[in-house]
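Here is the structure we will look at.
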Amino acid sequence: MKLLLENWNKYLVNEVLTVFYYDEPMTATQKANYDFLMKQAKENEVFAVRLEAEILEDAGPEPLDTLVEALVRETPPLSNELVSSILGIGKKGIAFRLKNGNVLKIYSGGWLGGARPGSEEEKFYASEKSKMFSADGSVSTLPIYDQGVANVLDAKVKFAEMAQVLPFDKYMDFTGRGSEEDLMEIETAITTIKRVVLMAEVPDYYGPPANQVTLPQRIERAIRSIRRSKLTGPEVRGLTIMLKYVITKYGPEYLEDFHEGNFGVVQQTMATNRPAFVLFDP
């Protein structure tokens, strides 16, 4: 009898409890997203590895189809909105385009450190969401419509649904400045703008000036370099506003991984003479 009970318990743990997590069938939206994710996992090895080995690493030793179903059911944007395509696959997250026009990012961690992986990024998205309809908001506030943590079996999967922002490198290509030479020159100019804003907002960030060069002189030299680049005046202004916003609201460490792939332009402002830039992946 004891052996029979032990075998029954093993059956419950290994067969029943690991398969029948949900009593209700998936909704049409959930099933469509489940099918989409499973198809991508079969056809895209990088996507499959990031999803299973990174984002769902702590979910438990379940088959991929069980993990994906749990992800779709427990992550509100995946449960309620249809996914249309994959926008990007990073080392710590995946971005999807939703059919409602927004972007969904799911992630397990980030580059900012914190008490637990991804906690600083989580704070950033929560803070940006809170600013949308408050006096703290500005043109550099990233529109966040939903964000949080989904309990996917044993994994804590972080998510953020945001407005679609055209990444800066794609914006350069769209405006006819996408050649390798143009991008290298503009990348240098952006790095210089970042240095100018840091020197102005955090004077001791780079340490004391060398060779008796004063801080205003360092800034003036940098500005002359920026003026020779292919960035327009409104673009320089927009980038400066964004960088100052990030530094004053969150601190200079949020710019340590700053590059053309993690900030962009709000698409509705592209046709104006005041393009608005936002950081979407700190």
How long is the gain from residue 191 to residue 174 if the chain were fully straight, where each residue apart is worth 0.36 nm and the alpha carbon distance is subtracted? 4.0 nm
Give the long-range amide H neighbours of residue 148: residues separated by 5 or more places, or on another chain, with amide H under 5 Å away, using H modelled in the peptide plane at 1.01 Å from N. 159
From DSSP H assignment alone, runs of 4+ in the chain each adding -39500 (n - 2.57), the sum over residues rounded to the nearest 500 puts [θ] at 222 nm at -13000 deg cm²/dmol
Put in order of increasing Cβ neighbours within 10 Å, starting from the fewest, 82, 98 give 82, 98
Where in the chain is the longest stretch that carries no chymotrypsin sites (Phe, Trp or Tyr not before Pro) classed as loop by DSSP and with at most 13 other Cβ atoms within 10 Å? 23-132
Under a 10 Å cutoff between Cα atoms, tell me which one of 260, 121, 181 has the largest fluctuation in the Gaussian network model of the chain. 181
Between residue 166 and residues 5 or more places away or on another chain, which pairs have amide H atoms under 5 Å apart, with H built 1.01 Å from N, and which residues are they? 265, 267
Most mobile of 93, 233, 264 per a Gaussian network model of the chain (Cα springs, under 10 Å)? 233
Would you kindly work out the equivalent ellipsoid of the chain from its C-alpha gyration tensor and give its semi-axes, the square roots of five times the eigenvalues, largest first in whole Å? 44, 20, 16
Straight-line reach check, residue 249, cutoff 20 Å on alpha carbons, 8 or more apart in-chain or any other chain, hits among lysines -> 123, 129, 131, 194
Tell me, what is the Rg over Rh of the range 166-279, with Rh the Kirkwood radius over Cα pairs? 0.97
Could you pull out every residue, at least 5 positions away or on a different chain, whose amide H is within less than 5 Å of the one on residue 102? Hs are placed 1.01 Å off N in the peptide plane, and Pro or chain starts have none. none
Whole-Hz ³J(HN,Hα) for each residue in the range 51-68, computed from phi via Karplus 6.51 cos²θ - 1.76 cosθ + 1.60 with θ = phi - 60°, x for glycine and proline: what do you get? 5, 7, 8, 10, 5, 9, 4, 8, 6, x, x, 9, x, 4, 5, 5, 5, 5
Stretched fully, the stretch from residue 32 through residue 47 gains (0.36 nm per residue minus C-alpha distance, one decimal, in nm) 3.6 nm
Could you go through the range 164-170 in sequence order and give the Karplus-derived ³J(HN,Hα) for each residue, using 6.51 cos²θ - 1.76 cosθ + 1.60 with θ = phi - 60°, rounded to whole Hz, and x for Gly and Pro? 6, 10, 7, x, 4, 5, 6
Please build a GNM for the chain, connecting alpha carbons under 10 Å apart, and tell me which residue among 63, 76, 167 fluctuates the most. 63
Where Rh is the Kirkwood radius over Cα pairs, Rg/Rh for the range 134-205: 1.12
Quick calc, residue 145 & residue 39: beta-carbon distance into FRET formula, R0 30 Å, rounding 0.05, result 0.70
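Values in this text are rule-based calculations from the coordinates and carry no lab data. Remember, it's a predicted structure, so these values are computed and weren't measured experimentally. As a convention, Cβ positions derive from the backbone with ideal geometry for all residues, glycine included, and neighbour counts pool all protein chains shown.
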